[in-house]
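Participant: Provided herewith is a single structure, encoded as structure tokens, for subsequent inquiry.
Derivation of every value follows stated rules applied to the coordinates shown; laboratory data play no part. From a predicted model like this one, the values you see are computed outputs, not experimental measurements. Note: ideal-geometry Cβ built from the backbone for every residue, glycine included; neighbour counts use all protein chains shown.
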Amino acid sequence: MKIYLWSLIILALPILTFAQTLDFNPNTLNEIAEAEAKGYTARLLSPQVAPSEDYDVKYHRLELNINPAVRYIKGKVTTYFQTLEANFSTIHFDLNDPLQVDSVLYRGKKLSYTHSDMVLSINLPNALDKAVLDSLSIYWQGEPADNGFGSFEQANHSGAPVIWTLSEPYGARDWWPCKQTLTDKIDSLDVLVTCPKAYKAASNGLLRAELEKGTEKTYHWKHRYPIANYLVAFAVTNYERYTEYANLKTGRMPIENYVYPESKISAQAGTKNLIPVIELFDSLFIDYPFHQEKYGHAQFSWGGGMEHQTMTFIVNYGYELLAHELAHQWFGDHTTCGSWEDIWLNEGFATYLSGLAYEFLQPQTQNWYNFKSSRISSVLSRGDGSVFVTDTSSVGRIFSSRLSYNKGAMVLHMLRWKIGDEAFFQGVRNYLKAPEHTYGFAKTPQFQAYLEASSKQDLTEFFKDWYYGQGYPTYQINVRQEGDLKVIIRLNQTTSHNSVSFFEMPVPMVLTGAGGKTYEVRLDNTFNGQEFTVYPGFKITQAQFDPNLWLVARTSGLTVGTTDVKKGGFALYPNPTTALTRLVLEERAGNIRRVVVNSVNGALMNAPVQVLNQQEASVDLSALPVGDVFCTGGNGERVWVQNVVKN
């Protein structure tokens, strides 16, 4: 199936190549997670307070006056809304207290209002019926609260002032009157920013007009896709602007870049490498969700990046950071996680997609392998922790780089391994295309249902183990050859956390023989101690566990040996060995009564023996010197002797 997918990508995107190697940096993801956790703190410490679930926002027209040299905002917002209940007489907006409301206009007349405890309540002159479309305008100004969350920030870069917003779901009210919710997206939006004409303003959607008047200039941005409140943003400074283009399935689309003048060279070197990435994601998944408008970057001075819809705010132009934030346009902006418990649907996907950029676009490098190795090592650094967020009051847990990002990404990777490339990517496409998820919200059970439909597999156990459960498995693997063609593989497993007693997973292995012959096997491991019989067609000399890094797992031992029960009633494997060997008595030979180890001179050796069952015993040779020894097994009536090579 992977061959099919590669063929699909290569045929659709023949230009996906790089002129240079973009080296994997294992620290990038931690930096992304830390920056996003810092920014998202505002969401948790500032919950929604305005009772606003009785109306649906249809449209906002934001008109803002900004001077980046002065930390101040003055604006007007016109809101079109539709009532969801009858007898609608008061409309509520979220607005932080430091901001002052000058007036509210409704059908040309001023309305009365109250503004306290971060809630703006406006009294309508007459109650409205259900399903009525209406509008009003709010005028406000003030210095936004400096709460350290980055919702409205002023800074300097190389002596030039800059102001940007980083709203988050509960930070938008710090700078404009809005409805803060994760359940209602704004259907369409216009943002008009007036600033001194020495500066440029970047925002969502397409730049429709630049209107100069005296010493000021107004930038009119128009966005005609549904957008979550926290993804509305603007930034103002002395930007330099340049445009690149991506060739998507729907046609040629601009990528608008607003960068600090001092960063232009590094920005151009970085953003050109993102063009094949956006073309890749557009082909692997659904069309770029906002292809009728644009994608873009606006530089700011906050650590990491923020995936504002159609205009990511970015601190630098590192490859993985750019790919991660781009991926959020599909997973986070187009389809948004419906709760903090499901944050992995945003962050796990964005992390995994940055890895897919290495896999598909840099196959000649080690970056994809290094990406997976780094993610697995992060997860294995502790034995606990689920992808499912059990404590949504903890910012550190929600934005845990180990769990929400790394383990989330590897859960997707293991799902892909379990159900195959074709079913995985088709299931993800169906999930994104679903009407309820198109510019909407989703939770994990819905995602699971789409993968089950595409794969025709029941994934209940997988999600129970890997999403809700904690920890990971450790495998002990014994491989023994019987005769010239037959190989027996035995898998034993322990788990790092008691929330999962056993991880049911297909286990990949590669058997190697003389002359470089290889035989790949996929072992559907459903219970502990399970044995598999395979026929590679040659004598094996080596076995590898998961060489391509599909699984989040450890191995406590992988032993390879041969079995020849015809030599006298029992087998020893592995043989040779560096530590443990296992004695297996033929069932017809009775039960094990005694096992001893002697040197070639007949001296009794100190080799601990553990009888595992009536036919098997484990013999520990780790303390013995290198060389030949003899292992003797008896059933009380007969004894058998076999040579063992201790390496």
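Participant: Give me the distance in nm between label points sitting 7 Å out from Cα along the Cα-to-Cβ direction at residue 127 and residue 143, one decimal.
Facilitator: For the pair residue 127/residue 143, the computed spacing is 4.4 nm.
Participant: Hey, what did segment 115-189 get for relative contact order, percent, Cα under 8 Å, at least 6 apart?
Facilitator: 21 percent
Participant: Which whole-number percent is the relative contact order of the chain (Cα, under 8 Å, 6+ apart)?
Facilitator: Answer for the chain is 9 percent.
Participant: So what is the relative contact order for segment 472-563, in percent, with contacts set as C-alpha pairs under 8 Å and at least six apart?
Facilitator: In percent, rounded to a whole number, it is 40.
Participant: Follow-up. Jot down the per residue volume, in cubic angstrom and as a whole number, of the convex hull over the alpha-carbon atoms of segment 148-204.
Facilitator: So the per-residue Cα hull volume is 100 Å³.
Participant: Take the alpha carbon atoms of segment 496-555, find their radius of gyration, then divide it by 2.2 N^0.38 Å using N residues; give the quotient. Each step should come with its number before you reach the end.
Facilitator: Numbers: Rg = 13.4 Å, N = 60, 2.2 N^0.38 = 10.4 Å.
Compared with the compact-globule rule of thumb, segment 496-555 sits at 1.28.
Participant: How do 632, 526, 351 rank when sorted from fewest to most other Cβ atoms within 10 Å of their own Cβ? Mind showing how you got there, number by number?
Facilitator: On the way: 632 15, 526 12, 351 29.
The fewest-first ordering by Cβ neighbours comes to 526, 632, 351.
Participant: Treating cross-link reach as a plain straight distance, find the lysines whose alpha-carbon is under 18 Å from the alpha-carbon of residue 418, omitting any fewer than eight places away in the same chain.
Facilitator: Straight-line reach from residue 418, under 18 Å: 2, 372, 407, 456, 464.
Participant: On to the next question. For the peptides 445-452, 409-416, 185-192, what is the packing order when you average, over each peptide's residues, the other Cβ atoms within 10 Å and list the highest mean first?
Facilitator: The peptides rank, most packed first, as 409-416, 185-192, 445-452.
Participant: Going by average Cβ neighbours within 10 Å, how do the peptides 553-559, 329-335, 290-296 rank, with the highest at the top?
Facilitator: In decreasing order of mean packing, 553-559, 329-335, 290-296 become 329-335, 290-296, 553-559.
Participant: Sticking with this one: What ranking, highest mean first, results for peptides 302-315, 501-514 when packing means the other Cβ atoms within 10 Å averaged over each residue? Display every interim value, and only then the final one.
Facilitator: Values: 302-315: 24.0, 501-514: 18.0.
Highest mean packing first, the order is 302-315, 501-514.
Participant: While we're here: Using the beta-carbon distance between residue 624 and residue 502 and R0 = 25 Å, what value does 1/(1 + (r/R0)^6) give for FRET efficiency, to the nearest 0.05?
Facilitator: 0.15
Participant: In nanometres, what is the gap between the two model label sites at residue 54 and residue 461, each 7 Å from Cα along Cα-to-Cβ?
Facilitator: Placing both labels 7 Å along Cα→Cβ, they lie 5.1 nm apart.
Participant: For residue 486, which aspartates and glutamates qualify as cross-link partners when the Cα separation must be under 19 Å and same-chain residues fewer than eight apart are set aside?
Facilitator: Once the sequence-local aspartates and glutamates are set aside, what remains near residue 486 is 520, 524, 531, 564, 586.
Participant: Where does each of 56, 465 land when they are ranked from fewest to most other beta-carbon atoms within 10 angstrom?
Facilitator: 56, 465
Participant: Ratio of the chain's C-alpha Rg to 2.2 N^0.38 Å, to two decimals?
Facilitator: 1.21
Participant: Put a dot 7 Å past each Cα toward the Cβ at residue 596 and residue 579; how far apart are the dots in nm?
Facilitator: Between residue 579 and residue 596, the label points sit 2.7 nm apart.
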